[in-house]
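Laboratory data are not the source of any read-out in this text; all were calculated from the coordinates shown. Because the structure is a prediction, the values reported are computed rather than measured. Backbone-built Cβ (ideal geometry, glycine too); neighbour counts: all protein chains shown.
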Amino acid sequence: MPRLSVWAIRAALVYLGIGFTVGGLMLFNKGVALDSSLWRLWPLHIELMLVGWTMQLAMAMAFWILPRLQRLERYGNTALAWLAFGLLNAGMLAVMAGEWFGTPAWLSVAGRGVELAAVVAFAVYIWPRVKSFGG
Amino acid sequence: MPRLARWYIKLGLLYFVLALALGMLLQARRVADLPDWTATLHPVYIHILAVGWITQLIIGVGYWMFPKFSKEHPRGSEKLGWATLILLNVGLILRALSEPRVALRSEPDLGWLLAVSAVLQAAGGWLFVINTWARIKER
């Protein structure tokens, strides 16, 4: 497994664990009331599970498994893929901070923009690897 | 494909079918006069889809395909793998059974079942992380 996939899958696993814990806290609170402010964790739960876990895992698996290029650098322009990994994680942390603190108001919007940039970078990177094996 | 991976994927498929049936029922509320309690199924529908289907499919395929842990224990601890399966599924089923009743306040005493369900699922999630971590490595 290439190094980038190792980093991204391990990051996704950490987000999975935290996401389940956050979701578990809210569910527990629904059954046995602890603190009504726990509902503020809801947008963080969504971000952790959808972006941090599912999206990141899918991108990491694609980097690992899709056909490699037939040239010296078989993984292609990996700097772009690393950029996507960095942007995705920075973006989701910004979204979560924005949702949690509520201020500055632009933080979660900027975070979504950074996530968008991450996905564009990843799509550009992975595009040539979507091909037949040996093709 | 190892037996445990088959269990994850087949259980995932059952949840997939159940989730889509629940989705149809929830959608049908727009055109049919269904009982009020059906509205409380929305979070159950989302989590049967997200945990029961998607997460269990990922766990099953990951258990099968991730790099081997060692020659003796290629897939890490099989016991932890089974424990994860049981915790996730018991937790999810408890949730599906108790959450609508708690939401309707018809049986608030079932709140503790929801709390147990939360603990079981969180524990299952972390067991999967712990058992998988060492398999995520460069060759």
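Values for this structure:
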read-out	value
Residue satisfying condition, being over 12 Å from the mean Cα position of the chain (by Cα), surrounded by 15 or more Cβ atoms within 10 Å (Cβ to Cβ) and of a type in the set (A, V, I, L, M), within set A:90, A:123, A:117	A:117
Residue that is farther than 25 Å from residue B:113 by Cα and within 9 Å of chain B (Cβ to nearest Cβ), where the choices are A:3, A:74, A:68	A:3
Residue, nearest to the other protein chains (Cβ to nearest Cβ), within segment B:84-113, restricted to residues that are among the polar types (S, T, N, Q) and more than 19 Å from residue B:36 (Cα to Cα)	B:84
Residue ranges of helices (runs of 4 or more DSSP H) in segment B:1-108 with at least 1 members among the polar types (S, T, N, Q) and free of Cβ contacts under 8 Å to residues at least 60 places away in the same chain	B:3-28, B:56-65, B:78-103
Matching option when the condition is in contact (Cβ under 8 Å) with a residue 12 or more places away in the chain and β-branched (Val, Ile, Thr), among A:109, A:32, A:119	A:119
Selection count where residues are more than 12 Å from the chain's Cα centre (by Cα), within 28 Å of residue A:33 (Cβ to Cβ) and facing chain A (nearest Cβ under 7 Å), scope segment B:114-139	4
Residue match in segment B:59-74 (condition: under 23 Å from residue B:120 (Cα atoms) and touching a Pro at 6+ places or on another chain (Cβ under 6 Å))	no
Among residues of segment B:11-66, those that are surrounded by 13 or more Cβ atoms within 10 Å (Cβ to Cβ), farther than 25 Å from residue A:9 by Cβ and aromatic (Phe, Trp, Tyr), counted	1
Identity of the residue in segment A:15-48, at the interface with chain B (Cβ under 7 Å from one of its Cβ atoms) and out of contact with any Asp or Glu (no Cβ under 9 Å at 6 or more places or on another chain), that ends up surrounded by the most Cβ atoms within 10 Å (Cβ to Cβ)	A:20
Top-ranked residue of segment B:12-45 - restricted to ones that are touching a Phe, Trp or Tyr at 6+ places or on another chain (Cβ under 9 Å) and of a type outside the set (A, V, I, L, M, F, W, C), ranked as farthest from residue B:86 (Cα to Cα)	B:23
